[in-house]
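In what follows, a structure is listed as structure tokens, so that the remarks can point back to it.
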Amino acid sequence: MSETGQPIRKRPIGLGRGLSALMGEVQREAPLSAPESGSTAPGIRFVSVIDLAPHPDQPRRHFDEDALGELAQSIAARGVIQPIVVRPFHGKYQIVAGERRWRAAQRAQLHEVPVIIRDFNDAETLEIALVENIQREDLNVIEEAEAYHRLMRDFGHSQDALGRLVHKSRSHIANLVRLLDLPAPVRDHLVNGRLTMGHARALINTPDPIALADTVIERGLSVRDTEDLARTSRPGGNRQAKAPPREREMMGADADIALLERQLGDLIGLKVTIQHKGQSGAVTLGYSSLDQLDMICQRLSGERI
């Protein structure tokens with residue numbers, strides 16, 4: 001059962017392994033009957049909430065208060081069904097995955113929570129926290145980009161390696177990390193939902209992204225309009241406006257398809273190709289591993305990744 005009371009469906013064997021591969025195939029449905037508190041033996045144990053501490057560099061920074069309150073109510077009624085993953089740290093335990101459950105358990109006034117104790121190093125800890133949050137779709141794009149950047153900067157991960165870790169394309173990783181080049185006010189607009197990833201990508205490398213972002217928000221511009229605005233703001237821009245009417249029409253149709261491909265690619269994290277002719281066509285999702293295929297299947301079926 002999940003914290004919402006819904007039954008947990010077992011993952012098919014042989015395709016995506018995701019977080020379970022990093023955690024050593026932990027069985028989430030394992031019984032929560034544990035002996036003494038604080039044991040470091042393998043398996044699920046109950047530990048006092050005051051003996052747990054969040055990881056200071058965990059990717060997730062924003063916790064929705066309403067959602068946290070709902071989870072606390074569920075935990076008060078049913079308990080913490082899915083254990084929190086921790087590692088030994090300075091005589092206590094540091095949370096690797098499950099900080100949201102720990103926060104909600106405190107609100108529900110629980111004294112102990114079930115944990116799985118693993119001896120992860122710093123790189124593995126960040127990897128698992130990143131994978132868990134991405135699988136639950138809990139990170140905003142800036143949090144996700146910052147986690148990728150830190151794994152590359154501090155632990156030497158390549159974009160290809162990160163793509164394999166989170167089952168997304170290398171180009172998706174690269175596009176997210178590029179968002180960190182935007183000024184802080186523009187990144188804040190993205191985090192707060194005033195701009196989408198498509199808007200933000202269009203503003204990269206423009207002469208004044210802060211002013212352009214303000215214009216986009218004030219006018220309620222679409223991503224396509226934002227791309228046109230960004231193009232005209234650059235020296236020598238607006239080449240499309242100089243083209244003949246028929247050529248501009250064709251360029252506009254192609255640009256609309258390209259924009260839709262990018263937007264769908266941003267949502268899925270994989271390369272999307274659209275072939276459109278007349279009133280019909282085909283949408284193709286590209287994958288480079290069985291893990292990515294597994295992610296596509298679960299997205300289409302509505303399962304949690």
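Per-structure values
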read-out: First in region 56-76 and in contact (Cβ under 8 Å) with a residue 12 or more places away in the chain, second anywhere and aromatic (Phe, Trp, Tyr) and in a helix (DSSP H, G or I), Cβ under 7 Å, 6 or more apart; value: none
read-out: Only listed residue being modelled with pLDDT of 90 or more, surrounded by fewer than 19 Cβ atoms within 10 Å (Cβ to Cβ) and in contact with a Pro (Cβ under 9 Å, 6 or more places away or on another chain), chosen from ILE217, ILE210; value: ILE210
read-out: Candidates LEU139, LEU195, LEU190, filtered to the one that is within 23 Å of GLU65 (Cα to Cα), out of contact with any Pro (no Cβ under 7 Å at 6 or more places or on another chain) and in a loop (DSSP other than H, G, I, E, B); value: LEU195
read-out: Members of region 288-305 found to be closer than 18 Å to ALA174 by Cβ and assigned to a helix (DSSP H, G or I), listed by number; value: GLN292
read-out: Odd one out for GLN58, checked against (1) touching a helix residue (DSSP H, G or I) at 6+ places or on another chain (Cβ under 6 Å); (2) at pLDDT 85 or above; value: (2)
read-out: Residue in region 19-36 that is of a type in the set (A, V, I, L, M) and at pLDDT 85 or above present; value: no
read-out: Residues located in region 269-287, provided they are in contact with a Ser or Thr (Cβ under 8 Å, 6 or more places away or on another chain) and either touching a residue at least 40 places away in the same chain (Cβ under 8 Å) or assigned to a loop (DSSP other than H, G, I, E, B) (or both); value: GLY269, LEU270, LYS271, GLY286
read-out: Some residue of region 77-99 being free of Cβ contacts under 8 Å to residues at least 40 places away in the same chain and part of a helix (DSSP H, G or I); value: yes
read-out: Of the criteria (1) in contact (Cβ under 8 Å) with a residue 60 or more places away in the chain; (2) in the same structural domain as ASP256 (by TED's automatic domain parsing); (3) not acidic (Asp, Glu), which one ARG164 fails; value: (2)
read-out: Residue tally, condition over 15 Å from GLU132 (Cβ atoms), surrounded by 14 or more Cβ atoms within 10 Å (Cβ to Cβ) and not aliphatic (A, V, I, L, M), over region 50-69; value: 1
read-out: The listed residue being within 18 Å of PRO56 (Cβ to Cβ) and either of a type in the set (Gly, Ala, Ser) or touching a residue at least 12 places away in the same chain (Cβ under 8 Å) (or both), out of ARG107, ARG150; value: ARG150
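The values are calculated or read from the model by the stated rules, or taken from the named source; none is laboratory data. Just so it is clear, the structure is predicted and the values come from calculations on it, not from any experiment. No Cβ is skipped: glycine too gets one built from the backbone with ideal geometry, and neighbour counts run over all protein chains shown.
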